[in-house]
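See below for the structure under consideration.
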Amino acid sequence: MAERDRGLAWAALEQRLLDNAEKDFLRFHGSRASYRTFADLAMDYAARFVRVGVAQGDIVPTFFPNSLPAAASWFALMRLGAVWAPINTEFRGEQLARALAMTGARRIIVDARYLDVIAGALAALPAIEEVIVHGPAKLPAHPGVRFLRIEDLPRGNVPAIAKVDAADVAMIQFTSGSTGVSKAVQLSHGYLVGQARLVTKYFNMRADDVVYCPFPLYHWDATIGTVMGALVTGATAALADRFSVSRFWDDVRTFEATMFDFMGATLTFLYERPPAPQDRDHKVRLAWGLPMPEFRAAFEARFGFPLLEGYGSTEGGVCVFQEIGKTYPKGSCGKLAPEFELRLIKDDGGEAAIGEVGEIVTRPRDPTLMMSGYLNMPEVNAELIRDGWYYTGDLGRFDAEGNLYFAGRKKDIIRRRGENISALEIEREIERHPAVLEAAAFGVPSPFTEEDVAVAVVARPGANVSESELKAFCEGRMARYMQPEHIVFLDALPKTPTEKVAKPELKRLFAARVEARARA
């Protein structure tokens with residue numbers, strides 16, 4: 001085994017302290033911290049956490065909004081060699097209890113505003129012995145559980161940075177649960193720093209950038225793409241409490257952002273707002289994320305900066321990038337980074353030819369650039385990771401120039417009349433209708449076995465469109481077996497906290513409507 005090294009993230013932070021300690025590292029609404037101020041706070045927390053027994057290898061969940069204490073807790077735990085497990089603050093009830101139980105943790109660190117939520121879950125969590133609270137709050141009582149305030153914890157000397165291997169787990173991120181129960185993704189110290197270096201390299205992040213992210217710290221975009229990205233380049237990371245379409249550009253101007261990342265329907269919401277004289281009143285020089293909308297060119301022309309796309313996942317890492325100044329065919333995610341290998345596997349196990357669709361299977365040349373497996377799920381890990389290759393469950397195709405095109409999720413396939421149908425292809429066509437803002441296709445039970453195609457549609461503000469009109473629109477644009485049997489109009493699509501469409505919720509909603517009609 002290679003000699004264990006001092007924490008990779010902390011080594012990067014110490015380098016920043018030598019380079020420019022007084023430069024802003026983090027900006028939040030109402031607070032900001034230089035590299036020096038942040039390091040001091042993280043070391044203070046580490047000195048307190050170690051005195052109450054936090055040790056190397058411990059999994060410690062946290063439940064925080066985007067804030068300086070949230071980030072300082074993260075780095076304090078990494079300094080101790082503990083494993084940070086940020087919990088989605090939208091989790092409640094059984095979902096919250098299940099996530100916490102999955103970690104096997106003895107303690108949790110929580111912001112005071114969420115104390116009641118955590119306290120309400122403790123009855124289902126006999127392993128929890130200690131709750132550490134940040135912020136003013138009346139501490140509750142629960143049998144067998146100690147409640148402590150961070151500021152009341154005893155403070156000793158600042159502990160040395162724990163020695164770790166690059167492959168040691170540093171962090172656990174929970175999947176959003178858009179297609180099932182959330183899983184705990186284990187990410188190593190090497191992953192955190194290595195993936196951040198890839199993102200900054202290919203998306204052209206510079207030391208003079210202010211990188212804005214409106215997504216939560218339990219999500220990859222905020223942790224790896226933004227905070228770690230800023231750390232490894234010496235840039236500044238700016239995080240909002242949450243994404244707000246009405247506040248977005250004000251945040252960009254307030255934080256003096258030069259870059260931001262997007263996901264889900266972010267760009268659609270921004271583009272749908274009426275054009276305004278302030279559309280170019282900002283310092284943004286580029287934005288990156290996925291998916292790329294059809295109106296990319298119009299968005300770039302209106303707001304005055306390029307959009308870059310990539311392909312990847314929390315589990316497999318980001319491995320395909322578009323680079324600034326280069327041209328890519330419409331619909332392409334970009335080209336494979338040389339740090340990775342990528343194959344497209346057909347259902348029969350053979351490799352897809354140019355232009356053919358297959359499952360995307362990736363392997364990093366440095367194994368730490370992908371996940372270390374799901375926590376406590378050996379059978380799933382054995383299925384998805386084979387000989388170092390990660391079977392993503394995504395579908396894609398290559399063109400002759402090596403550009404990758406995303407073709408949807410393998411599990412997001414609707415089986416109808418002997419045909420496998422990509423939900424993504426149906427959605428893209430229906431969203432071409434001028435009255436449609438968003439569409440989500442999903443399979444529903446068919447009286448003729450297999451499935452029928454159903455589509456949930458959100459109309460643009462002020463637009464009207466009927467079911468018959470949309471069905472007529474689909475004719476001639478897609479194969480007959482792809483055309484929707486059912487169309488459901490909604491005010492908004494149900495989304496996970498990471499802006500993915502929650503298709504299980506759509507199926508439940510559809511089933512409830514069918515049952516209600518049957519009872520009527």
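What follows is calculated from the coordinates using simple rules that are stated; it is not laboratory data. Please read these numbers as outputs of a predicted model, since none were measured by experiment. Methodologically, a virtual Cβ is constructed for each residue, glycine included, from the backbone with ideal geometry; neighbour enumeration extends over all protein chains shown.
The residues packed around ASN376, meaning those with a beta-carbon under 14 Å from its beta-carbon, carry a net charge of +1 if Lys and Arg are +1 and Asp and Glu are -1. Distance between the C-alpha centres of the stretch 224-295 and the stretch 144-218: 21 Å, rounded to the whole angstrom. In this Cβ point-charge picture (+1 for Lys and Arg, -1 for Asp and Glu), the chain has a dipole of about 780 debye about its Cα centre.
Using Cβ point charges alone (K and R +1, D and E -1), the dipole size of the stretch 35-165 about the Cα centre works out to roughly 180 debye. Note on the chain: helix-only mean residue ellipticity at 222 nm, from DSSP H runs of 4+ residues weighted -39500 (n - 2.57) and normalised by residue number, equals -8000 deg cm²/dmol. Temperature 10 °C, viscosity 1.306 mPa s: under these conditions the Stokes-Einstein estimate for the stretch 110-213, based on its Kirkwood radius over C-alpha pairs, is 89 µm² per second.
In nm, what is the difference between 0.36 nm times the number of residues separating GLU14 and ALA353 and their Cα-Cα distance?
On the way: separation 339, 0.36 × 339 = 122.04 nm, distance 4.76 nm.
Stretched out fully, the GLU14 to ALA353 stretch lengthens by 117.3 nm.
Of the peptides 475-485, 509-519, the order by per-residue mean of other Cβ atoms within 10 Å, starting with the highest, comes out as 475-485, 509-519. All other residues whose Cβ lies under 14 angstrom from that of GLY317 are scored, Lys and Arg at +1 and Asp and Glu at -1, for a net of -2. If N is the number of residues in the stretch 281-418, what value comes out of its Cα radius of gyration divided by 2.2 N^0.38 Å? For the stretch 281-418, the normalised Cα radius of gyration is 1.16. Hydrodynamic radius of the stretch 419-519 by the Kirkwood approach over all distinct alpha-carbon pairs: 14.1 Å.
Among ARG409, ARG460, ARG79, sorting on how many other beta-carbon atoms sit within 10 Å of each Cβ, with the fewest leading, yields ARG460, ARG409, ARG79. The chymotrypsin sites (Phe, Trp or Tyr not before Pro) of the stretch 262-296 that DSSP puts in a loop, and whose beta carbon has at most 15 other beta carbons within 10 Å, are PHE295.
From Cα pairs below 8 angstrom and at least 6 apart in sequence, can you work out the relative contact order of the stretch 419-519, rounded to a whole percent?
Relative contact order for the stretch 419-519 comes out at 26 percent.
Annotation for the stretch 436-509 versus the stretch 344-370: alpha-carbon center distance of 30 Å. Compare the Cα positions of LEU506, HIS486, PRO447 along the charge dipole of the stretch 419-519 (+1 at Cβ of Lys, Arg; -1 at Cβ of Asp, Glu; about the Cα centre) and return the one farthest towards the positive end. About the Cα centre, the residue reaching furthest to the positive side is LEU506.
When the charge dipole of the chain is built from unit charges on Cβ atoms (+1 for Lys and Arg, -1 for Asp and Glu) and taken about the Cα centre, the candidate among TYR311, PRO159, ALA238 whose Cα reaches farthest toward its positive end is PRO159. Put simply, when 321-327, 131-137 are sorted by average Cβ atoms within 10 angstrom per residue, most first, you get 131-137, 321-327. Each semi-axis of the equivalent ellipsoid for the chain is √(5λ) with λ an eigenvalue of the Cα gyration tensor; in descending order they amount to 39, 27, 24 Å. Overall size of the stretch 342-499 from C-alpha positions, given as principal axis extents largest first: 52, 37, 35 Å. Measuring against 21 Å, Cα to Cα, the residue pairs LYS335/LYS495; LYS411/LYS500; LYS411/LYS503 contain LYS335/LYS495 as the ones spanning a longer distance.
With the convex hull built on the Cα atoms of the stretch 5-80, state its orientation-averaged projected area in nm².
Convex hull of Cα atoms, orientation-averaged projection: 5.3 nm².
Three semi-axes describe the equivalent ellipsoid of the stretch 35-165; taken as square roots of 5 times the Cα gyration tensor eigenvalues and ordered largest first, they are 23, 15, 14 Å. When SER332, SER313, SER446, SER466 are arranged by Cβ crowding within 10 Å, least crowded first, meaning fewest neighbours, the order is SER466, SER446, SER313, SER332. Across the chain, the mean sequence separation of Cα contacts (distance under 8 Å, 6 or more residues apart), normalised by length, yields a relative contact order of 11 percent. Put in order of Cβ neighbour count within 10 Å, fewest first, the listed residues ASP366, ASP347 become ASP347, ASP366.
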